[in-house]
Amino acid sequence: MKQPSLPIAFLSLLALALLSSSGCEPAPFNGGTALPDGSVYSGAIENGLFHGRGQLSWPDGSEYQGEFTRGRISGQGRYVYADDCIYEGEFLNGNFNGEGRYECGGTVWQGEFEQGELLQGSVNWAAGDSYTGAFQDWEPHGRGHRITADGAHYEGTFEYGYLVQGNYRDEQGYRYQGGFEYGYYNGEGKLTQPDGTTISATFEYGEANGEGVRTHQTGDGEPQEERGYFVSGRYYASEKAWRNSGRQQQAAVEARLYSEGDRLQSAFSSLAPQRPGVRDVYALIVGGDGTSPVFTKEVDWVAQRLGGVLDIDGRQLRLSNGSDDRLPLATRTSVRESLKALDAVMDPEEDLLFVHLVSHGDDNGDFMLDERKLPLNDLSAADGKQWLDELGARHQWIIVSACYSGLWKQALASPERAIFTSAAPDRTSFGCGGDSQRTWFSAALYGEALDNGVGDPAAWFRAANARVTEMEKEQGIEEDAHSLPQHAVGARFLNWWQQ
């Protein structure tokens, strides 16, 4: 945050009177005393100094009301900044000092201040997160306890805004104790999963890697400890078992490839027909990178959340890598064929094609398609544009949650299309860690922002964009690294959508 500062009121009227020969003396009038810098003081004066209760107002609209001691702001008072930020509490020599409360932009810091810095206390951020404990440079630093808006708890030792050693727990039942880095489990730690299974290992970016111990309950309720080897959070009996599993996975992939066509055709045949006179919404939701579990989780969650505001029951296709065989694979072929299948049942003039793509993204705009042990080609923005342009469906709403996805906005923007992306063409986006439930942009877009409906696309995007910015600020991400989500809503699309 931008640290608050205020003019220090150490002003001697007697000393200023010495400037009278240059025409700079204070000018008493009925409303108080006007000072050379344009500020105005009214209140008690002793021996030519502000002393006792008084009020000091500056030309920019800032104002202090409270106690003065021998010309300085000292004692109890209230300072209102020109931008309406407010501090109330104790001052010493013009600085926040002692018990106080500072509020700015909906965020509130309160506690014990010293020489203008909050040392110990609490902060309640505008977005709903809170923290209680030690501070340095207005950021959590030292022992403390942070609670996120969705009920997750981080408790332990913080450094420069981030937990580095301590405990985590959330409402889903996950518990973790150990090291952290930038919000991820990192270093030696112990993770307890909702089913009671524990993993003691070395964690990297939220996932167990290397040698470790897994403990779970047997059928008769007794704990069973298994030493083994972890790779990206997956347990193997040994490193050798992990290497052998690679060959087994290759065999499983081969078997799956033989059945993939039938799985995809089954999904196509289950699509509900278009209803004449009804604006039907047909959705394609794609999770591209199967090596990161967050994308598979997001596919299911987006379908559930979207179904709460748009009638897509029986009119959706989901493709996801990393979902075992529960959903068809997300490949260039399956994405293109799915678009064609939806287009074939839609009324091109009456219905909406809604597409949500989530994965990692490359700095050239490519959308990553990756399945363990199965090499896949990525999807470029140029190919995506070509495939969408070839469809009969006129009205298209495309959402891309991936790093550098602003390149998709540049490629896809058109009068009859709405396009939202999670990042600018030259920016990364956030929330792709192994312990994430969904990417930050999607969490914002399909979270509270969705509760107000999708009747106004631009308003929906603005609400999500504001939440993403809040999340990035809360996590201490520098402004020049913010993701800067993008959108374009075509005029003809908007006219049709709001009819």
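Descriptive notes on the structure:
Yes/no matrix, rows are residues, columns are (1) in contact (Cβ under 8 Å) with a residue 24 or more places away in the chain; (2) within 20 Å of Asp150 (Cβ to Cβ); (3) within 16 Å of the chain's Cα centre (by Cα):
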position: Ser429; (1), (2), (3): yes, yes, yes
position: Cys432; (1), (2), (3): yes, yes, yes
position: Asn465; (1), (2), (3): no, yes, yes
position: Thr469; (1), (2), (3): no, yes, yes
position: Ala481; (1), (2), (3): yes, no, yes
position: Leu494; (1), (2), (3): yes, no, no
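- Check on Ala134, out of contact with any Phe, Trp or Tyr (no Cβ under 7 Å at 6 or more places or on another chain) and more than 24 Å from Ser436 (Cβ to Cβ): yes
- For the range 446-465, the candidate set comprises residues that are among the small types (Gly, Ala, Ser) and surrounded by fewer than 14 Cβ atoms within 10 Å (Cβ to Cβ); within that set, the residue that is nearest to Ala423 (Cα to Cα) is Ala458.
- Filtering the range 323-335 to residues that are in contact with a strand residue (DSSP E or B) (Cβ under 7 Å, 6 or more places away or on another chain) and not β-branched (Val, Ile, Thr) leaves Leu327, Pro328, Leu329, Ala330, Arg332, Ser334.
- The conditions of being over 16 Å from Asn209 (Cα atoms), in a loop (DSSP other than H, G, I, E, B), modelled with pLDDT under 95 and out of contact with any Pro (no Cβ under 9 Å at 6 or more places or on another chain) are not met by Gly173.
- Among the residues listed as Asn244, Asn209, the single one being outside any strand (DSSP E or B) and not β-branched (Val, Ile, Thr): Asn244
- Unmet requirement for Asp220, which otherwise passes all of (1) part of a loop (DSSP other than H, G, I, E, B); (2) within 22 Å of the chain's Cα centre (by Cα): (2)
- The set of residues in the range 176-192 being under 19 Å from Thr148 (Cβ atoms) and either of a type in the set (Asp, Glu) or part of a loop (DSSP other than H, G, I, E, B) (or both) consists of Glu181, Tyr182, Gly183.
- Put simply, of Gln274, Gln224, Gln265 the only residue that is closer than 30 Å to Leu353 by Cα and surrounded by fewer than 15 Cβ atoms within 10 Å (Cβ to Cβ) is Gln265.
- Considering Gly433, Gly406, Gly384, Gly361, the condition of being over 30 Å from Ser232 (Cα atoms), assigned by TED's automatic domain parsing to the domain that holds Val309 and of a type in the set (Gly, Ala, Ser) is satisfied by Gly384 alone.
- Looking only at residues in the range 285-295 that are crowded, with 21+ Cβ neighbours inside 10 Å and over 18 Å from the mean Cα position of the chain (by Cα), the one that is modelled with the lowest pLDDT is Gly290.
- Matching residues in the range 367-389 - criterion: being over 22 Å from Ala303 (Cβ atoms) and either surrounded by 21 or more Cβ atoms within 10 Å (Cβ to Cβ) or touching a Pro at 6+ places or on another chain (Cβ under 8 Å) (or both): Ala381
- Breaking point among (1) over 16 Å from the mean Cα position of the chain (by Cα); (2) closer than 17 Å to Trp460 by Cα, for Thr421: (1)
- Residues in the range 327-349 that are over 27 Å from Trp440 (Cβ atoms), assigned to a loop (DSSP other than H, G, I, E, B) and of a type in the set (A, V, I, L, M): Met346 alone.
- Test: residue in the range 37-47 that is in contact with a Leu (Cβ under 8 Å, 6 or more places away or on another chain), acidic (Asp, Glu) and part of a strand (DSSP E or B): no
- For the range 192-200, the criterion of being charged (D, E, K, R), closer than 26 Å to Ala443 by Cβ and more than 21 Å from the chain's Cα centre (by Cα) is satisfied by at least one residue.
- Residue list for the range 365-383, filter: at pLDDT 95 or above and among the polar types (S, T, N, Q): Ser380
- Only one of the listed residues (Ala481, Ala443, Ala449) is of a type outside the set (Lys, Arg), touching an Asp or Glu at 6+ places or on another chain (Cβ under 9 Å), within 20 Å of Gly307 (Cβ to Cβ) and at pLDDT below 95. That residue is Ala443.
- Scanning the range 412-429 for residues that are crowded, with 24+ Cβ neighbours inside 10 Å and among the hydrophobic types (A, V, I, L, M, F, W, C) yields Ala418, Ile419, Phe420, Ala423.
- Residues satisfying the stated conditions in the range 467-499, i.e. surrounded by 15 or more Cβ atoms within 10 Å (Cβ to Cβ), in a helix (DSSP H, G or I) and not basic (Lys, Arg): Val468, Thr469, Glu470, Met471, Glu472, Glu474, Phe493, Leu494, Trp496, Trp497
- If the condition is being charged (D, E, K, R) and either modelled with pLDDT of 95 or more or buried (at least 17 other Cβ atoms within 10 Å of the Cβ) (or both), then the range 177-207 contributes Glu188, Lys190, Glu204, Glu207.
- Any hit, the range 113-125, residues being polar (S, T, N, Q), at pLDDT below 95, farther than 29 Å from Asp170 by Cβ and surrounded by fewer than 16 Cβ atoms within 10 Å (Cβ to Cβ): yes
- Being exposed (fewer than 15 other Cβ atoms within 10 Å of the Cβ) and touching a His at 6+ places or on another chain (Cβ under 9 Å) is a description that does not apply to Glu239.
- Residue list for the range 52-80, filter: crowded, with 19+ Cβ neighbours inside 10 Å and in a loop (DSSP other than H, G, I, E, B): Gly71
The values are calculated or read from the model by the stated rules, or taken from the named source; none is laboratory data. None of these values were measured; they are calculated from a predicted model. For neighbour counting, all protein chains shown are included, and Cβ atoms are generated from backbone atoms with ideal geometry for every residue, glycine included.
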